[in-house]
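The structure appears right after this line, and notes come after that.
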Amino acid sequence: SSIVPAGYVTNSSDCNDAQLQYLDADSDGFGSTTQVACGVSNSSDCNDAQLQYLDADSDGFGSTVKVACGGVTNSSDCNDAQVRYQDNDGDGFGSTVKVACSGVTNSSDCDDAQVLYRDNDGDGFGSTVKVACSGVSNSSDCNDAQVRYQDNDGDGFGSTTKVACGGAINSSDCDDNQLQYRDADGDGYGSTTQVACGVTNSSDCNDAQLQYLDADGDGFGSTTLVACGVSNSSDCNDSNAAIKPNATEVCNGIDDNCNGQTDEGYVSQSTSCGVGACARTGSTTCVDGSVHDSCVAGTTTAEVCNGIDDDCDGETDNGLELHTYYRDADNDTYGNPDNATVACAVPEGYVDNSTGFDCNDNDSTLTDNCTACTAKFIPPAISKFFSMITPVAGFFIKGEAGFKFSKDTQISWSTDAVSTLFKAAVGKKKRFMIVIVLIKSRFLEIGDEVEVTVGDCLGTVKVKAF
């Protein structure tokens, strides 16, 4: 019959007439809604023209597991159980761009085109530890736990410029291009101790004490501060070493001792002026910085013999007729010939020796004008020097203590056979006399004795051969 019965079709192509078969055009095991004789037993495929892959981690990249719906069209995901993110800079931190393979499991990188390093101390220099965000682009910091500052002058004090390595751990240096030294006493001169802010020199000899200029070297300084000097500024005139505290004040119109007063405490001095009869006394006073002496010398008079310098020329009884007088210590009126003085009148204790010389001026009983004095004849003989043709002889005479010869001393002989040719008083005190005689040999022979008187001293000499 040409009419198809209910429950029948005109073909016999059904592979399983007990189950509906659906078209699986993409062969993924999931059918479309189109029924076919032979296909798959489900019609769950959302797009039978495109394979769908399971995207368990929803990263847009599918696994190799096919799904009917809710999948993705690729099967590139290396691990569909974990989303992976692009890590362009290779720092271990991913961007927000998902990738099927490789990459990293995080998307924390703030800049995936630049590696960032941890900067714990915030100095702009990073450690070697990479970070996703809030880091720096360098890893040059030698110590990321401590900020370091540039120390150009090497004094241990840094500038405000931060550095990765080296430098100092402080930024206290006022001038990092100039060493600074401690100036504890504030005089502008520094010690050898370096500081962050101070002075530029280290010339202070004592930074715990101000030093003052002592230009005159008297131990007292002016008010001018210096690196090395004295510890006081009490000198009121530093150009004159005689002017200083504790100096002796003198009359000069100057404050010598720097106490603010001039010529104070001047002590008057006794003075004298003139000589001889003109001698006077006075005293000094200080008037307007000058010493005034009240002493005025007396008026001169003509010189007279009185032991006084009447004409005030420094000499006594000068210009008068002078005589020689001899000391008479034993007051026997006989003077000591070894102790004489020249004066215009007889001084007390002296005589003119008109009565004769005293052989002992310490014994007043010897007042015999030296008649008791016996001279020593040396030798006690008159020696013939030559032949009878030239009968010349000579000897010495030495007077006792107190005895003194002179050119006026008289010599006489007991016989005309001898005569004096030459005599001379010698020695410092004239106690010796040289006597040269002429012997008239026809009257005297060898061995004859002759008496001789020298002054008042009597002696005997014997003729002998030389």
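The table that follows gives values for the structure above.
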{"quantity": "Residues (crowded, with 17+ Cβ neighbours inside 10 Å and within 18 Å of residue 195 (Cβ to Cβ)) located in region 154-167", "calculated": "155, 157, 158, 159, 167"}
{"quantity": "Selected residue [at pLDDT below 95, surrounded by fewer than 18 Cβ atoms within 10 Å (Cβ to Cβ), assigned to a loop (DSSP other than H, G, I, E, B) and small (Gly, Ala, Ser)] from 18, 81", "calculated": "18"}
{"quantity": "Hits in region 313-336 - residues which are at negative phi, part of a loop (DSSP other than H, G, I, E, B) and either surrounded by fewer than 14 Cβ atoms within 10 Å (Cβ to Cβ) or touching an Asp or Glu at 6+ places or on another chain (Cβ under 9 Å) (or both)", "calculated": "313, 315, 316, 318, 320, 321, 328, 329, 330, 332, 334"}
{"quantity": "Whichever residue in region 33-50 is farther than 23 Å from residue 12 by Cβ and in contact with a Ser or Thr (Cβ under 7 Å, 6 or more places away or on another chain) and, among such residues, is most open to solvent (accessible area, probe 1.4 Å)", "calculated": "33"}
{"quantity": "Residue in region 295-312 that is open to solvent by 80 Å² or more (accessible area, probe 1.4 Å), at pLDDT 95 or above and in a strand (DSSP E or B) present", "calculated": "no"}
{"quantity": "Residue in region 132-139 that is out of contact with any Leu (no Cβ under 8 Å at 6 or more places or on another chain) and either part of a loop (DSSP other than H, G, I, E, B) or buried (at least 18 other Cβ atoms within 10 Å of the Cβ) (or both) present", "calculated": "yes"}
{"quantity": "Region 1-33, residues that are of a type in the set (Gly, Ala, Ser) and touching a Cys at 6+ places or on another chain (Cβ under 8 Å)", "calculated": "13"}
{"quantity": "Counted residues, region 109-124 - those being touching a Cys at 6+ places or on another chain (Cβ under 8 Å), assigned to a loop (DSSP other than H, G, I, E, B) and either open to solvent by less than 50 Å² (accessible area, probe 1.4 Å) or touching a residue at least 60 places away in the same chain (Cβ under 8 Å) (or both)", "calculated": "1"}
{"quantity": "Subset of region 204-219 (residues that are surrounded by 20 or more Cβ atoms within 10 Å (Cβ to Cβ) and of a type outside the set (Phe, Trp, Tyr))", "calculated": "204, 207, 211, 214"}
{"quantity": "Residue in region 274-287 that is in a loop (DSSP other than H, G, I, E, B), in contact (Cβ under 8 Å) with a residue 24 or more places away in the chain and closer than 30 Å to residue 224 by Cα present", "calculated": "no"}
{"quantity": "Residue among 96, 64 that is of a type outside the set (A, V, I, L, M, F, W, C), over 30 Å from residue 127 (Cα atoms) and open to solvent by 50 Å² or more (accessible area, probe 1.4 Å)", "calculated": "64"}
{"quantity": "Residue check, residue 172 buried (at least 20 other Cβ atoms within 10 Å of the Cβ) and either within 15 Å of the chain's Cα centre (by Cα) or in a loop (DSSP other than H, G, I, E, B) (or both)", "calculated": "no"}
{"quantity": "Test for residue 222: is it modelled with pLDDT of 95 or more, of a type in the set (Gly, Ala, Ser), open to solvent by less than 60 Å² (accessible area, probe 1.4 Å) and in a loop (DSSP other than H, G, I, E, B)", "calculated": "yes"}
{"quantity": "Considering residues of region 188-203 that are over 27 Å from residue 141 (Cα atoms) and out of contact with any Asp or Glu (no Cβ under 7 Å at 6 or more places or on another chain) only, the residue surrounded by the fewest Cβ atoms within 10 Å (Cβ to Cβ)", "calculated": "192"}
{"quantity": "Residue check, residue 236 touching a Lys or Arg at 6+ places or on another chain (Cβ under 9 Å) and either open to solvent by 60 Å² or more (accessible area, probe 1.4 Å) or not in a loop (DSSP other than H, G, I, E, B) (or both)", "calculated": "yes"}
{"quantity": "Selection from region 258-272 of residues that are open to solvent by less than 30 Å² (accessible area, probe 1.4 Å) and over 14 Å from residue 290 (Cα atoms)", "calculated": "271"}
{"quantity": "Search result, residues across region 190-228 that are more than 28 Å from residue 151 (Cα to Cα), within 16 Å of the chain's Cα centre (by Cα) and among the hydroxyl-bearing types (Ser, Thr, Tyr)", "calculated": "212"}
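Matching residues to (1) at pLDDT 70 or above; (2) assigned to a loop (DSSP other than H, G, I, E, B):
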residue: 403; (1), (2): no, yes
residue: 407; (1), (2): yes, yes
residue: 412; (1), (2): yes, no
residue: 416; (1), (2): yes, yes
residue: 423; (1), (2): yes, no
residue: 433; (1), (2): yes, no
residue: 436; (1), (2): yes, no
residue: 442; (1), (2): no, yes
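For (1) outside any loop (DSSP other than H, G, I, E, B); (2) at pLDDT below 75; (3) open to solvent by less than 40 Å² (accessible area, probe 1.4 Å), each residue gets a yes or a no:
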{"residue": "338", "(1), (2), (3)": "yes, no, no"}
{"residue": "342", "(1), (2), (3)": "yes, no, no"}
{"residue": "354", "(1), (2), (3)": "no, yes, no"}
{"residue": "378", "(1), (2), (3)": "yes, yes, no"}
{"residue": "383", "(1), (2), (3)": "yes, yes, yes"}
{"residue": "388", "(1), (2), (3)": "no, yes, no"}
{"residue": "396", "(1), (2), (3)": "yes, yes, no"}
{"residue": "445", "(1), (2), (3)": "no, yes, no"}
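The values are calculated or read from the model by the stated rules, or taken from the named source; none is laboratory data. Predicted model only: the values in this text are computed from it and were never measured. Every residue, glycine among them, receives a Cβ derived from its backbone with ideal geometry; neighbour counts consider all protein chains shown. Areas reflect the complete protein model, heavy atoms only, side chains present, ligands, DNA and RNA absent. Shrake-Rupley method; radii C 1.70, N 1.55, O 1.52, S 1.80 Å.
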